[in-house]
Amino acid sequence: MPRYYEEKEEEDGRACAGVKEDLRHCLLESACVLHENKSPRQCLKEGHCRSLQMTFFACKRSMLDTRARFRGRKGY
């Protein structure tokens, strides 16, 4: 279960907010950031939390896609 649904910190009605929050938590809790003291941006470029990054990209892309009006946004 995504962390966004388990512990909802504040109400954020923006699109893709849940995926963005999960990606942020994944990066901040990764071994790359905690043990190697790298920035979250460096860890993201190295390939950590790749599945959440792809989900976030698909969600943001679906906002620009005109077909999303019929199909709905990707992500959660």
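If you rank T55, T66 by how much accessible surface each has, with a 1.4 Å probe, what is the order from largest down?
T66, T55
Taking a probe of 1.4 Å, how large is the accessible area per residue of segment 17-63, in Å²?
About 64 Å² of surface per residue is accessible.
Calculate the dipole size of segment 17-63 relative to its Cα centre from +1 charges on Lys and Arg beta carbons and -1 charges on Asp and Glu beta carbons; express the result in debye to the nearest 20.
260 debye
Kirkwood Rh over Cα pairs of segment 17-63 into Stokes-Einstein at 20 °C, 1.002 mPa s: D in µm²/s?
Reported coefficient: 199 µm²/s.
Report the label-to-label distance for R67 and H25 in nanometres (one decimal), using points 7 Å from each Cα along the Cα→Cβ vector.
Output for this residue pair reads 3.2 nm.
The values are calculated or read from the model by the stated rules, or taken from the named source; none is laboratory data. Because the structure is predicted, anything quoted here is derived from the model rather than measured. Cβ sites come from the backbone with ideal geometry, for glycine too, and all protein chains shown count toward neighbours. Quick note on the areas: whole protein, heavy atoms, side chains included, nothing else; ligands and nucleic acids left out. Shrake-Rupley method; radii C 1.70, N 1.55, O 1.52, S 1.80 Å.
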